[in-house]
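For reference, the structure is listed below as structure tokens.
The values are calculated or read from the model by the stated rules, or taken from the named source; none is laboratory data. Computed from a predicted model, the values in this text were never measured in an experiment. Heads up, the Cβs are rebuilt from the backbone with ideal geometry, glycines too, and the neighbour counts pull from every protein chain shown. The protein model used for the area step is the full one, side chains on, heavy atoms only, and it has no ligands, DNA or RNA in it. Shrake-Rupley method; radii C 1.70, N 1.55, O 1.52, S 1.80 Å.
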Amino acid sequence: VFTTSDCLSEEKREGTLGLLFLTDLKGYDIVLGKFFARGLNAFYGLIAIFPVLAIPLLLGGVTGGEFWRVSFALVNALFFSLSLGILVSALSRDDRKAMGNTFFLLLFVNVVIPLASLIGARAGVAEISAILGWLSPVKTFFAAYEANCSTPALDYWIGLLFTQFLGWTFLIL
């Protein structure tokens, strides 16, 4: 929430966004530059956690495939949340509103949508529930373990592709 939700709105508030457009930079150059500059520390922090996540792998608690699927799901969730923060930052001007809106959108995507998907699965609407679940990065975490899904590989890769598509759409917008 704090990484990218205020990066473009800060430039708008300070009046320096127009100065960036005086250079040869295009709009996508500015957005991607802000995205990578702000997200690099978060990505390095995430990479630093991977050896700690590998301890159950060494102890025999999880398989190598599960470890790598969870690792990819974590990187995917980071990309999704950073791109959502960039979108909210581009649409707002106030820093508190940008952070609050990013927080509530991430809360909606990571809590409300999976709960609606779970309720839909229990109610017997499996197709709509599956599609709704793929809109959230949380689905990929559950599908990363073979024991949690009947078709874990399909659910995992489709969920990963859906959230990647949404993340790139947020960056384009």
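Top to bottom by accessible area (1.4 Å), largest first, where do Lys97, Lys139, Lys26 land?
Output order, biggest surface exposure first: Lys97, Lys26, Lys139.
At a probe size of 1.4 Å, how large is the accessible area of Thr16, to the nearest 10 Å²?
Its heavy atoms expose roughly 40 Å² to the probe.
What's the center-to-center distance, using Cα atoms, between the range 30-65 and the range 109-135 in Å?
Their Cα centres are 27 Å away from one another.
Starting from the Cα-Cα distance between Asp95 and Ala147, subtract it from 0.36 nm times their residue separation and give me the gain in nm to one decimal.
Working: separation 52, 0.36 × 52 = 18.72 nm, distance 4.24 nm.
Result for the pair: 14.5 nm of gain on full extension.
Top to bottom by accessible area (1.4 Å), largest first, where do Leu22, Leu32, Leu8 land?
On the way: Leu22 140, Leu32 60, Leu8 10 Å².
Largest accessible area first, the list is Leu22, Leu32, Leu8.
Using the Cα centre of the chain as the reference point, and only Cβ charges (+1 on K/R, -1 on D/E), how large is the resulting charge dipole? Debye, rounded to the nearest 20.
So the dipole magnitude of the chain works out to roughly 200 debye.
Would you list, by chain and number, the lysines whose Cα falls below 20 Å from the Cα of Lys26, excluding same-chain residues fewer than 8 positions away?
Lys12, Lys34
Which part of the range 95-128 falls in the paramagnetic zone of Leu154, meaning amide N under 16 Å from the point 7 Å along Cα-to-beta-carbon?
Label zone hits: 126-128.
Report, in degrees rounded to the nearest 10, the 0 to 90 angle that the Cα long axis of helix 27-53 makes with the longest principal axis of the chain.
40
Enter the accessible area of Trp168 (Å², nearest 10), with the probe set to 1.4 Å and all protein chains included.
Around 120 Å² of this residue is reachable by solvent.
Check cross-link reach from Lys139 to the aspartates and glutamates: straight Cα distance under 20 Å, and skip same-chain residues fewer than eight apart.
Glu66, Glu127, Asp155
Just read off the accessible area of Leu59 with the full protein assembly in place, 1.4 Å probe, to the nearest 10 Å².
About 140 Å², ignoring ligands and nucleic acids.
Using the Karplus curve 6.51 cos²θ - 1.76 cosθ + 1.60 with θ = phi - 60°, what ³J(HN,Hα) values do you get for each residue of the range 105-121, in whole Hz, with x for Gly and Pro?
Karplus-based 3J(HN,Hα) across the range 105-121 equals 5, 5, 5, 4, 5, 9, 10, 5, 5, x, 5, 5, 5, 5, 5, x, 5 Hz.
Where in the range 57-100 is the amide nitrogen less than 17 Å from a point lying 7 Å along the Cα-to-Cβ axis of Ala121?
70
Compare the Cα positions of Gly27, Ile47, Leu57 along the charge dipole of the chain (+1 at Cβ of Lys, Arg; -1 at Cβ of Asp, Glu; about the Cα centre) and return the one farthest towards the positive end.
Most positive-ward Cα: Gly27.
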